[in-house]
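Since every read-out is calculated from the coordinates, none of them should be taken as a lab result. The shown structure was predicted, so the numbers you read here are calculated from the model rather than taken from an experiment. Here the Cβ is made from the backbone with ideal geometry for all residues, glycine too, and neighbour counts use every protein chain on show.
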Amino acid sequence: MSPISPGPTGLAHSVSIWSSLAQSFDAAGVHTLWVSDHLWQADPSASPEEPMLEAYTTLGFLAAATARLRLGTMVTAATFRAPALLIKAVTTLDVLSGGAGVAGGRSRLQPRRSRRHGLVPAPSRRAVRPLD
């Protein structure tokens, strides 16, 4: 199976693919569907200009398209979000999906990557300790 990315057919086609994929997984008895959490395009087969969907917005969309499929991020870039907003996104997903939300966590500091994305890097390990 090829990677799912918006590709040259556009974002509208990607929405259809994601919805169909989630519904097919649900019907086939697959237990979970995981998405990546990157700010920039991370698919090595995709052009850097192609959209990279925001993870928790995508999962909320998928929650509306499925009945029992557990949904989550492979890894959540916890240092890219304020802890309270991240907790709110994950708990909202869990409520909207009927308890099917799952969050993969990561608290590794990456100051260069944070600056490249226009974010203020966390000053120390203490900044992410509450997420561990």
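The label-point distance for Ser19 and Arg70, in a model that sets each label 7 Å from Cα toward Cβ, rounds to 2.7 nm. Sequence-ordered 3J(HN,Hα) estimates for the stretch 32-49 from the Karplus curve with 6.51, -1.76 and 1.60 and θ = phi - 60° stand at 9, 10, 10, 10, 8, 10, 10, 7, 10, 3, 10, 6, x, 8, 9, 6, x, 7 Hz, glycine and proline given as x.
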